[in-house]
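Below: one structure, written as structure tokens.
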Amino acid sequence: MSQDLFPVKPDIRERAHIKTMEEYQRLYRLSLDNPEWFWGEQAKMLTWFHPWQSVFDADYKEVDFSWFMGGRINASFNCIDRHLPHLGDKTAIIWAQDEPGVYTHITYRDLKHNVARVANVLLHNGVKKGDRVCIYLTMIPELVYTMLACARIGAVHSVVFGGFSAESLRDRIVDARCKVVVTANEGLRGGKKVPLKRTVDRAIEGMSLVECVLVARRTDSEVPMQPGRDLWLDEETAKQRSTCTNEWMGAEDPLFILYTSGSTGKPKGLLHTTGGYLTYAAFTHKLVFDYHPEDIYFCAADIGWVTGHSYIVYGPLANGATTVIFESTPLYPDPGRYWQIIDDLGVSIFYTAPTALRALAQAGDDWIKKYSRKSLRILGTVGEPINPEVWRWYHDVVGDARCTVVDTWWQTETGGILITPLPGVTPTKPGSATLPFFGVKPVIVDPATGIPIEGNDVSGALCLGAPWPGQARTVHGDHKRFRETYFTQYPGYYFTGDGARRDEDGYYWITGRIDDVINVSGHRLGTAEVESALVAHEAVAEAAVVGYPHPIKGQGIYCYVLLNSGFSEGNQDQLIGALKEQVRQAIGAFAAPDVIHIAAGLPKTRSGKIMRRILRKIASAEYDGMGDISTLAEPDVVNKLIEEHQKSQ
Ligand code: WTA
């Protein structure tokens, strides 16, 4: 065993749901040998209106998976109503507002009333079962109300992260054919106003598809309201009753669409369904974070991404937890913000991303030491590989070497956590996501041959060899794309897009994306999306975008740009600024390039294919070991690029 092994902490084991490695291994084997029995047992943690007829059906050829067929269930009922008899007065949501120290507690009973009112507003505005509703909001309670209101009436929500641009929002509204958009006049984040309504107006300008825009009121600012289309949400909810019947949804009826980037083309709308997703979200939330009813649970993600869907909203609320929604940023007004919230609220489980931890570690330990953090027990991380030194810092400094760190690997497509330690079971190693969760069968495939590699101490493409209830069922409106993206590269397996190593102890180490997706501050971004934004600018003839190591963001965005004739003269600073702005406008501020490298040429094969491997190396200042460049149409290009890169450093 590696010497860098952190044993399970006895007091954490003591209270854990699963306490021994033997128990984990026994259940793990059962989950793979008899998934029908295993998942049938777990699904009983939810309340069903009607039992399922079969736990699992699959058509592997068509890539069609269904769980709990024949079962009838409602996600909103499971997250709210069923808790009311015993937890009506328990706090469901603590809204930590942008302003430090300002908290709003929302009980399960309040949650029910608020959700039912929004559901009635949606019904009143013509939303029916199966209709799609776009939600474009920052972190305010109305975001959760609207998600659960959709679930209540059987509408499908498509949450678009509040940092996306009008253009990205428009694409997503059109792709999902949303009739209704729910937004706010403005958002507040880190003391700044986010012009949500204005962005929606631009996104849907001239579009007849959207019939109604519901506008929550977060600030006092007035915004233009288009008569016949725009309504204030608070005025509408005030007219509605606080009860609304739950639709009995089929287990495989859609619950939500969530867009994510792939290696090519436009973002895909991954579709998650109801019964399997909720079972998986609730079960993983309970075991991975070792959730108990007295916990205060704080996941600092944004609900605009999948982490927020599964581990701020659905998993915790299905378990009757108190979940924190955080409107601000880890650095506002200072780098003590998370720890202040943890002390103020008595948070026992905290879940965040390595990018935030890197920024906070850099700000110095004094910010942490200022707060006691004594309520903490479990510290989670997700979204990108965590550097071992940051892991240690999280464990030693934030957790005072007393808390358990769970590095959880998963994806938008997987619905929930797949590779992770369990607090009472798994000795941890800094930087490793450790072992598979129940029902999860990781397979390391040799990318050259497509053949699975058995045994330990091996690396390759990370695939999954068994279905699990939380997995996405399709790409909205494009099942062919779903099949081709995930199931054709290595037939018989789901391909994750990640590379991984299985070490000598059978522990998994995720090494990062091996497709053309980069991970910028935990946000997934297709390099192709950034390239198409750049070439839309009149000055740009060609663009190639790669990731490079960035101390805070994990990966930074490095853009090689070839200019059209007539644009290459004189001072380029202004043009570089304009190109960065171009990408912000097309995608969103989080996608703004870190580096624009105006290049004289790009390394291409004789058949015209850009050799990205070389571009990645140069962007990372690794000038040696370029490999065979004799196949390049113009080998000189490489030296030229290196020269330009060196000059810019
Ligand atoms: C990366 C986020 C290493 C990975 C839940 C994956 C990770 C992508 C980890 C999915 C982790 C996520 N260690 N890498 N613990 N968690 N990733 O869809 O590359 O936004 O494919 O889902 O993030 O990003 P997504």
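The values are calculated or read from the model by the stated rules, or taken from the named source; none is laboratory data. This structure is a prediction, so every number in the text was calculated from the model and none was measured. Every residue, glycine among them, receives a Cβ derived from its backbone with ideal geometry; neighbour counts consider all protein chains shown. These area figures cover heavy atoms from the full protein model, side chains too; ligands, DNA and RNA do not enter into them. Shrake-Rupley method; radii C 1.70, N 1.55, O 1.52, S 1.80 Å.
Looking only at segment 83-105, which residues are aliphatic (A, V, I, L, M) and open to solvent by 10 Å² or more (accessible area, probe 1.4 Å)? Outline the logic, then answer.
If we filter segment 83-105 for residues that are aliphatic (A, V, I, L, M), which is where we start, we get 84, 87, 92-94, 96, 102.
84, 87, 102, listed by residue number.
From the residues in segment 394-412 that are touching a helix residue (DSSP H, G or I) at 6+ places or on another chain (Cβ under 7 Å), assigned to a helix (DSSP H, G or I) and within 16 Å of the ligand (Cβ to nearest atom), which one is least open to solvent (accessible area, probe 1.4 Å)?
394
In segment 76-89, how many are of a type outside the set (Asp, Glu) and either over 17 Å from residue 247 (Cα atoms) or in contact with a strand residue (DSSP E or B) (Cβ under 6 Å, 6 or more places away or on another chain) (or both)?
As a first pass, look at segment 76-89 and keep what is of a type outside the set (Asp, Glu): 76-80, 82-88.
Going one step further and asking which of them are either over 17 Å from residue 247 (Cα atoms) or in contact with a strand residue (DSSP E or B) (Cβ under 6 Å, 6 or more places away or on another chain) (or both), we end up with 83-88.
Residues meeting the conditions: 6.
Please return the ranges of strands (runs of 3 or more DSSP E) entirely within segment 192-249 where 2 or more residues are within 30 Å of residue 82 (Cβ to Cβ). So that I can check it myself, show each step before the final result.
Details: elements: 192-194, 212-216, 230-232.
Hits in segment 192-249: 212-216.
What are the residue pairs meeting all of these: first residue in segment 517-536, first residue modelled with pLDDT under 95 and within 14 Å of the ligand (Cβ to nearest atom), second residue open to solvent by 30 Å² or more (accessible area, probe 1.4 Å) and assigned to a helix (DSSP H, G or I), Cβ atoms under 6 Å, and 6 or more apart or on different chains?
Once the first residue is modelled with pLDDT under 95 and within 14 Å of the ligand (Cβ to nearest atom) and sits in segment 517-536, its partners that are open to solvent by 30 Å² or more (accessible area, probe 1.4 Å) and assigned to a helix (DSSP H, G or I) give 523/590.
Can you name the residue in segment 460-490 that is farther than 20 Å from residue 272 by Cβ and either modelled with pLDDT under 95 or surrounded by 17 or more Cβ atoms within 10 Å (Cβ to Cβ) (or both) and is also nearest to the ligand (Cβ to nearest atom) among such residues? Can you show your working first?
Within segment 460-490, the first condition is being farther than 20 Å from residue 272 by Cβ, and the residues that meet it are 460-463, 465, 488-490.
Now narrow it down to the ones that are either modelled with pLDDT under 95 or surrounded by 17 or more Cβ atoms within 10 Å (Cβ to Cβ) (or both): 460-463, 489-490.
Working: 460: 15, 461: 12, 462: 8, 463: 12, 489: 14, 490: 15 Å.
That would be 462.
Would you confirm whether any residue within segment 392-408 is in contact with a His (Cβ under 6 Å, 6 or more places away or on another chain), under 30 Å from residue 464 (Cα atoms) and at pLDDT 95 or above? Can you show your working first?
So the first thing to find is which residues in segment 392-408 are in contact with a His (Cβ under 6 Å, 6 or more places away or on another chain), and the list is 405.
Filter once more, so that each one left must be under 30 Å from residue 464 (Cα atoms): 405.
Applying the additional criterion that residues be at pLDDT 95 or above yields 405.
Among the residues of segment 392-408, at least one is in contact with a His (Cβ under 6 Å, 6 or more places away or on another chain), under 30 Å from residue 464 (Cα atoms) and at pLDDT 95 or above, which makes the answer yes.
Does segment 102-112 include one or more residues that are within 25 Å of residue 139 (Cα to Cα) and in contact with a His (Cβ under 8 Å, 6 or more places away or on another chain)?
Our first condition is that a residue be within 25 Å of residue 139 (Cα to Cα); within segment 102-112, this holds for 102-112.
Okay, now just the ones that are also in contact with a His (Cβ under 8 Å, 6 or more places away or on another chain), so 108.
Scanning segment 102-112, I find at least one residue that is within 25 Å of residue 139 (Cα to Cα) and in contact with a His (Cβ under 8 Å, 6 or more places away or on another chain), so the answer is yes.
Take residue 338 and tell me if it is more than 16 Å from the ligand (Cβ to nearest atom) and hydroxyl-bearing (Ser, Thr, Tyr). Let's see the steps before the verdict.
Values: more than 16 Å from the ligand (Cβ to nearest atom): yes; hydroxyl-bearing (Ser, Thr, Tyr): yes.
So residue 338 passes the test.
Being in contact (Cβ under 8 Å) with a residue 60 or more places away in the chain and farther than 22 Å from residue 434 by Cα is the filter; apply it to segment 491-516 and report the residue that is farthest from the ligand (Cβ to nearest atom).
Checked segment 491-516; the qualifying residue farthest from the ligand (Cβ to nearest atom) is 492.
Take residue 381 and decide whether it is in contact with a Ser or Thr (Cβ under 7 Å, 6 or more places away or on another chain), of a type outside the set (A, V, I, L, M, F, W, C), within 16 Å of the ligand (Cβ to nearest atom) and open to solvent by 10 Å² or more (accessible area, probe 1.4 Å). Write out each step before concluding.
Working: in contact with a Ser or Thr (Cβ under 7 Å, 6 or more places away or on another chain): yes; of a type outside the set (A, V, I, L, M, F, W, C): yes; within 16 Å of the ligand (Cβ to nearest atom): yes; open to solvent by 10 Å² or more (accessible area, probe 1.4 Å): no.
Here the answer is no, as residue 381 does not meet what is asked.
With the structure loaded, tell me whether residue 391 is away from the ligand (no atom under 14 Å from the Cβ), of a type in the set (Phe, Trp, Tyr) and either in a helix (DSSP H, G or I) or more than 22 Å from residue 15 (Cα to Cα) (or both) or whether it fails that test. Explain how you work it out, then say what you get.
Values: away from the ligand (no atom under 14 Å from the Cβ): no; of a type in the set (Phe, Trp, Tyr): yes; either in a helix (DSSP H, G or I) or more than 22 Å from residue 15 (Cα to Cα) (or both): yes.
Considered against the rule, which asks whether it is away from the ligand (no atom under 14 Å from the Cβ), of a type in the set (Phe, Trp, Tyr) and either in a helix (DSSP H, G or I) or more than 22 Å from residue 15 (Cα to Cα) (or both), residue 391 comes out as no.
Mind checking which pairs have a first residue in segment 628-641 that is under 21 Å from residue 598 (Cβ atoms) and a second that is open to solvent by 50 Å² or more (accessible area, probe 1.4 Å) and part of a strand (DSSP E or B), Cβ under 7 Å, 6 or more apart or different chains?
632/604; 633/604
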